[in-house]
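What follows is a single structure, written as structure tokens, with notes after it.
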Amino acid sequence: MDVDEWDIRYRQAREGHYTRLWSALPAQLVQDTVAPWTPGRALDLATGDGRNAIWLAARSWSVTGLDFSAEAIAQAGEHARAAGVDVDWLVADATTWQPPERFDLVTVMYLHLPEVQFRSLLARALGWLAPGGHLLVLGHDRANIAAGGPGPGNPDILYTPELLSSIVGPERVVRCETVSRDLATDPESPADIRGAALDTILVATA
Ligand SMILES: C[S@@+](CC[C@H](N)C(=O)[O-])C[C@H]1O[C@@H](n2cnc3c(N)ncnc32)[C@H](O)[C@@H]1O
């Protein structure tokens, strides 16, 4: 989807049945993974309406949230104000943006791009980490299609542990595997969806 399509999707979510396109909180797995880490500077790439960035900011991280959809960033700003947290919001294309600083944490959640673009972005994001920093990636696993979970149906833009591990290099991998998400308790979307979805998680170090 291009930026105009994402803008329309966020606008329709605001004007339609849902007030948010995604859930208000990050996936439980993200919360559990980040919770033990000491807060520092964080970048949430493709932040959407900001659930990950806002959750991090509420836990004392100094957060930049970036998305190329101006409508998503406008909604993220409203959610952050309602939550009483400060986030530096940026409207920018993650595939070309250059950071002005290093980060202790870079998160990439459910950003599904053609493989060449995604490989390039993730390799660059790894280079944006400060010493000791973490890259945390979570998104739909290619096996999610056969499992019947919600999400994109194009296997070419989905993740596998082998793909993510090969991008960062096995020596940097802390965790890289396919995980099952219970949609009833850990919804990616606020809709009344039940069942399980398969994601890939990657935790890598600088
Ligand atoms: C499925 S949503 C996920 C949003 C958020 N990460 C979350 O988990 O709630 C994908 C997001 O990626 C953004 N996006 C897609 N391509 C992008 C790009 N090249 N640069 C920046 N944002 C992009 C879209 O605007 C959308 O907000």
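The values are calculated or read from the model by the stated rules, or taken from the named source; none is laboratory data. All values reported here derive from a predicted model rather than from experimental measurement. Glycine gets a Cβ as well: all are built from the backbone with ideal geometry, and neighbour counts include every protein chain shown. Side chains are part of the model used for accessible areas, which takes the heavy atoms of the whole protein and leaves out ligands, DNA and RNA. Shrake-Rupley method; radii C 1.70, N 1.55, O 1.52, S 1.80 Å.
Couple of notes before you dig in:
- Subset tally (residues that are small (Gly, Ala, Ser), under 23 Å from Gly40 (Cα atoms) and either in contact (Cβ under 8 Å) with a residue 12 or more places away in the chain or touching a strand residue (DSSP E or B) at 6+ places or on another chain (Cβ under 6 Å) (or both)) for the stretch 85-143: 7
- Unmet criterion (only one of (1) within 22 Å of Gly139 (Cα to Cα); (2) loosely packed, with under 13 Cβ neighbours inside 10 Å) for Trp37: (2)
- Ala92 meets all of the listed conditions (1) surrounded by 13 or more Cβ atoms within 10 Å (Cβ to Cβ); (2) of a type in the set (Gly, Ala, Ser); (3) closer than 23 Å to Ser166 by Cβ but one, namely (3).
- Qualifying residue in the stretch 106-124 (condition: open to solvent by less than 60 Å² (accessible area, probe 1.4 Å), more than 8 Å from the ligand (Cβ to nearest atom) and basic (Lys, Arg)): yes
- Ala83 on the phi < 0 side of the Ramachandran plot, over 14 Å from the mean Cα position of the chain (by Cα) and aliphatic (A, V, I, L, M): yes
- Cross-chain or 6+ apart pairs with Cβ under 7 Å, the stretch 172-197 first and at negative phi, then among the small types (Gly, Ala, Ser) and at pLDDT below 85: Leu183/Gly195; Pro187/Ser23; Glu188/Ser23; Ser189/Ser23; Pro190/Ser23; Arg194/Ala184
- Taken over the stretch 9-31, the residue count meeting the criterion of being out of contact with any helix residue (DSSP H, G or I) (no Cβ under 7 Å at 6 or more places or on another chain) and either open to solvent by 90 Å² or more (accessible area, probe 1.4 Å) or under 17 Å from Ala74 (Cα atoms) (or both) is 8.
- Residues in the stretch 41-61 that are more than 12 Å from the ligand (Cβ to nearest atom), open to solvent by 10 Å² or more (accessible area, probe 1.4 Å) and touching a helix residue (DSSP H, G or I) at 6+ places or on another chain (Cβ under 9 Å): Ala57, Ala58, Arg59, Trp61.
- Scanning the stretch 66-86 for residues that are open to solvent by 20 Å² or more (accessible area, probe 1.4 Å), part of a loop (DSSP other than H, G, I, E, B) and within 13 Å of the ligand (Cβ to nearest atom) gives a single hit, Phe68.
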